[in-house]
Amino acid sequence: VRKQVLGMANRAPTPMELERMKQLVGRAMRDGALGLSTGLLYVPANYASTEEVIELARVARSHGGIYVTHMRDEARGLLDSVREAIRIAREARIPAQINHHKAAGAGQFGWSVKTLAMIDSASAEGLDVTHDLYPYAAGSTGSGVLFPQWALAGGVDSLRARVNDPPTPDTSAHMRSRKPASRSWCARKCGAIPSARSTIHSVDAICGSPHSSPTTHTRLIRGLILQSRTSPDLTRCLLDPTSLPRTISGTPEGNAGTLHSSNSCSG
């Protein structure tokens with residue numbers, strides 16, 4: 001919905017643009033969508049404020065719909081992201097479902113105790129907040145998550161321009177960083193499985209791509225597999241009465257992890 005109206009722009013919508021987005025949600029609901037789905041970790045949805053999402057969720061709710069979300073952050077910002085999902089449920093007065101609930105990254109291992117308590121508290125308040133998860137420790141996504149969201153504004157061509165001509169020394173250092181990805185990941189593009197300390201440069205080498213230039217990074221590997229959570233968190237979430245196991249669809253030729261409420265209209 002946002003991309004159709006604003007493209008890949010990193011800005012708030014004008015009142016007219018927001019009204020257009022609300023019209024699109026309303027039309028999708030009348031056409032049979034089950035609710036509003038957001039992928040707030042990914043661009044351009046990440047550029048939407050909480051207030052913008054609430055406005056769209058209210059439209060879905062007026063048609064008897066639900067709100068389903070891939071939250072903004074499943075790692076260090078996990079608790080704030082759960083709070084955001086609960087706030088949207090509260091202010092839009094809509095049932096909310098958190099997609100593939102996890103506490104990602106070693107620093108967050110064990111945080112499912114906190115997030116489940118937050119969901120329980122929301123339920124005690126009278127809100128309808130549930131969550132789902134896939135029953136395995138690894139996850140799949142696109143390599144765009146390795147870049148800061150602001151760098152992806154405008155699409156891949158804009159990212160390439162930022163890499164080749166960074167505006168400040170700080171952003172230059174950030175965009176040319178060889179920082180390893182969280183835990184281990186592999187590139188489906190070439191079927192290789194690098195080590196747990198692999199960088200974009202090393203994956204380029206395994207795939208037979210040149211990596212002498214930062215422009216290599218702008219090709220965006222199609223799919224990553226990340227080992228990002230621990231078994232106790234997984235078991236705890238699976239046993240929670242408000243959870244629902246699920247699986248993730250997707251192929252190397254398509255988008256990784258594409259099962260985002262297939263009958264919902266995506267915000």
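The values are calculated or read from the model by the stated rules, or taken from the named source; none is laboratory data. All figures in this text were calculated on a predicted structure; none of them were measured in a lab. FYI the Cβ positions are ideal-geometry reconstructions off the backbone, even for glycines, and counts take in every protein chain you see.
Is it fair to say residue 127 is surrounded by 15 or more Cβ atoms within 10 Å (Cβ to Cβ), within 20 Å of the chain's Cα centre (by Cα) and more than 28 Å from residue 5 (Cα to Cα)? Considered against the rule, which asks whether it is surrounded by 15 or more Cβ atoms within 10 Å (Cβ to Cβ), within 20 Å of the chain's Cα centre (by Cα) and more than 28 Å from residue 5 (Cα to Cα), residue 127 comes out as no.
Residues that are aliphatic (A, V, I, L, M), part of a helix (DSSP H, G or I) and surrounded by fewer than 21 Cβ atoms within 10 Å (Cβ to Cβ) within segment 73-84 comprise just one, 79.
Tally up the residues in segment 87-113 that are outside any loop (DSSP other than H, G, I, E, B) and either of a type in the set (Gly, Ala, Ser) or farther than 27 Å from residue 65 by Cα (or both), please.
To start, the set of residues in segment 87-113 that are outside any loop (DSSP other than H, G, I, E, B) comprises 87-92, 96-98, 106-108, 112-113.
Filter again for either of a type in the set (Gly, Ala, Ser) or farther than 27 Å from residue 65 by Cα (or both), leaving 89, 92, 96, 106-108, 112-113.
Result for segment 87-113: 8.
Yes or no: residue 54 touching a strand residue (DSSP E or B) at 6+ places or on another chain (Cβ under 6 Å) and either closer than 23 Å to residue 242 by Cβ or among the acidic types (Asp, Glu) (or both)? Can you show your working first?
Details: touching a strand residue (DSSP E or B) at 6+ places or on another chain (Cβ under 6 Å): no; either closer than 23 Å to residue 242 by Cβ or among the acidic types (Asp, Glu) (or both): yes.
No: the conditions fail for residue 54.
To keep it simple, each residue is scored yes or no on (1) at pLDDT 95 or above; (2) in contact with a Lys or Arg (Cβ under 7 Å, 6 or more places away or on another chain); (3) over 20 Å from residue 119 (Cα atoms).
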{"position": "3", "(1), (2), (3)": "no, no, yes"}
{"position": "57", "(1), (2), (3)": "yes, no, no"}
{"position": "68", "(1), (2), (3)": "yes, no, no"}
{"position": "80", "(1), (2), (3)": "yes, no, no"}
{"position": "104", "(1), (2), (3)": "no, yes, no"}
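Considering only segment 111-121, I want to know if a residue exists there that is closer than 16 Å to residue 236 by Cβ and among the polar types (S, T, N, Q). Yes, the conditions are met somewhere in segment 111-121. Counting only helices (runs of 4 or more DSSP H) that sit completely within segment 1-72, those holding 3 or more residues that are farther than 26 Å from residue 128 by Cβ correspond to 2-6, 15-30. Residues in segment 1-44 that are of a type in the set (Val, Ile, Thr) and touching a residue at least 60 places away in the same chain (Cβ under 8 Å) were compared, and the one that is surrounded by the most Cβ atoms within 10 Å (Cβ to Cβ) is 38.
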